[in-house]
Amino acid sequence: MVDRSPGVGPTTPFFLYGLRSVTEAAARAAWEWIGRGDKERGDRAAVEAMRTALNRLPFDGVVVIGEGEKDAAPELYKGEKVGSEHSAAKYDVAVDPVEGTTYLAKGLTNAMAVIALAPRGTMLDPGPCFYMEKFAAVSAARDAIDPAWPTARKLERLAEVLGKPVSQLTVFVLEKPRHKRLVEEIHAVGARVALYPAGDVAGAIMAAMGGGGIDALMGTGGTPEGIISACAIRALGGTFWGRLDPQLTTEKAKVREAGLSTERWFRLEELVMSPDVLFCATGITTGLLFDGVEHDGRHYRTQTLMLSGMTGERQLLTSWLPIPASERGM
């Protein structure tokens with residue numbers, strides 16, 4: 001359990017507003033690299049800014065979902081400790097300093113900086129699996145749909161749950177070659193497809209919230225984005241299922257060696273075992289959830305979504321941060 005004594009519990013302003021400072025710092029750092037064709041440098045700038053901001057916060061965090069193993073990622077790697085190890089507030093940390101690095105480099109939609117926290121030992125460790133098949137929808141779908149069903153049956157049941165014709169459903173799918181058949185199946189049942197080049201965290205949240213024009217998220221995306229989405233949806237009370245779905249030959253071999261199942265669908269409560277989750281995301285480029293970073297020469301303007309599983313809070317905050325005169329060339 002989380003220590004809920006004064007000053008460290010998840011209901012204190014530090015947790016939501018402290019995390020906001022982390023994702024906003026990463027988003028501002030990434031802003032300089034929007035559309036410049038260099039995803040590595042854009043990601044590196046965001047990683048460094050996020051790590052610096054995290055280490056200013058008085059919590060004891062361990063990165064469970066991060067930039068990779070220590071040898072491949074010098075910062076925010078899996079297993080890295082962040083914050084203060086002396087704090088009573090001990091958390092698993094999932095980070096994605098730039099969700100959608102390729103699309104940041106191309107100046108496309110839905111790039112964001114994201115972080116999620118859950119009490120220590122409550123986030124699923126996906127081991128060496130980089131990809132996960134996902135299904136997200138509103139809470140009413142939780143016990144009504146089996147994620148292993150064929151696409152048509154899932155969507156027909158979802159339409160019943162939502163009280164609308166299948167033809168009025170819109171499904172978020174990442175625009176990837178691997179989803180050609182899935183898209184055909186969705187169209188065959190009469191539903192619409194919203195294809196996006198990136199942003200399945202945003203798509204999953206939109207599906208779980210309901211009422212935003214996205215009724216479900218389906219398809220395979222990154223495992224880190226899956227765990228992060230699960231944290232957000234645990235706070236929202238929506239439906240989320242995940243199945244490890246390795247795509248690369250080397251990845252498949254490592255998943256087999258680790259003894260991990262690629263058949264089992266994990267429930268939301270297995271992906272994130274505690275409801276005491278915290279989620280924070282700041283837009284880098286404008287997308288489904290919020291506007292991207294804007295810079296007018298005097299201020300950075302950012303939009304940040306903050307969710308608390310314990311309190312049920314949802315906040316969408318627009319901030320203007322003054323740029324120091326020294327950074328404005330004055």
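Restricting attention to region 245-267 and to residues that are farther than 15 Å from Phe130 by Cβ and within 22 Å of the chain's Cα centre (by Cα), the residue that is surrounded by the fewest Cβ atoms within 10 Å (Cβ to Cβ) turns out to be Arg264. Taking Leu271, is it over 18 Å from Asp200 (Cβ atoms), of a type outside the set (Asp, Glu) and out of contact with any His (no Cβ under 8 Å at 6 or more places or on another chain)? Answer is no for this residue.
Would you call Ile65 of a type in the set (A, V, I, L, M) and in contact with a Pro (Cβ under 6 Å, 6 or more places away or on another chain)? Here the answer is yes, as Ile65 does meet what is asked. On inspection, Tyr131 passes the criterion of being buried (at least 20 other Cβ atoms within 10 Å of the Cβ), farther than 14 Å from Cys231 by Cβ and modelled with pLDDT of 95 or more. Pairs are defined by a Cβ separation below 7 Å, a sequence spacing of at least 6 or placement on different chains, a first member in region 157-168 that is without any contact (Cβ under 8 Å) to a residue 40 or more places away in the chain, and a second member that is among the β-branched types (Val, Ile, Thr) and assigned to a loop (DSSP other than H, G, I, E, B); the pairs so defined are Arg157/Ile145; Val166/Val189.
Per the conditions (1) within 18 Å of Gly213 (Cβ to Cβ); (2) surrounded by 15 or more Cβ atoms within 10 Å (Cβ to Cβ); (3) charged (D, E, K, R); (4) modelled with pLDDT of 95 or more, the sole criterion not satisfied by Glu156 is (1). The set of residues in region 184-239 being polar (S, T, N, Q) and assigned to a strand (DSSP E or B) consists of Thr220, Thr239.
Within region 79-91, none of the residues are touching a residue at least 60 places away in the same chain (Cβ under 8 Å), open to solvent by less than 50 Å² (accessible area, probe 1.4 Å) and either closer than 25 Å to Thr220 by Cβ or among the acidic types (Asp, Glu) (or both).
From the list Leu321, Leu316, Leu288, Leu307, the one residue that fits, being open to solvent by 30 Å² or more (accessible area, probe 1.4 Å), touching a residue at least 40 places away in the same chain (Cβ under 8 Å) and assigned to a strand (DSSP E or B), is Leu321.
Here is a list: Ala230, Ala191. Which entry is open to solvent by less than 20 Å² (accessible area, probe 1.4 Å) and within 17 Å of Arg142 (Cβ to Cβ)? Answer to the selection: Ala230.
Confirm whether Glu225 is open to solvent by 10 Å² or more (accessible area, probe 1.4 Å) and over 26 Å from Val98 (Cα atoms). Spelling it out, it is not the case that Glu225 is open to solvent by 10 Å² or more (accessible area, probe 1.4 Å) and over 26 Å from Val98 (Cα atoms). Considering the conditions (1) assigned to a helix (DSSP H, G or I); (2) basic (Lys, Arg); (3) farther than 25 Å from Ala202 by Cβ, Arg264 is excluded by exactly one of them, (1).
The values are calculated or read from the model by the stated rules, or taken from the named source; none is laboratory data. Note that the coordinates shown come from a computational prediction; the quantities given were computed from them, not determined experimentally. For neighbour counting, all protein chains shown are included, and Cβ atoms are generated from backbone atoms with ideal geometry for every residue, glycine included. With ligands, DNA and RNA removed, areas are computed over all heavy atoms of the protein, side chains included. Shrake-Rupley method; radii C 1.70, N 1.55, O 1.52, S 1.80 Å.
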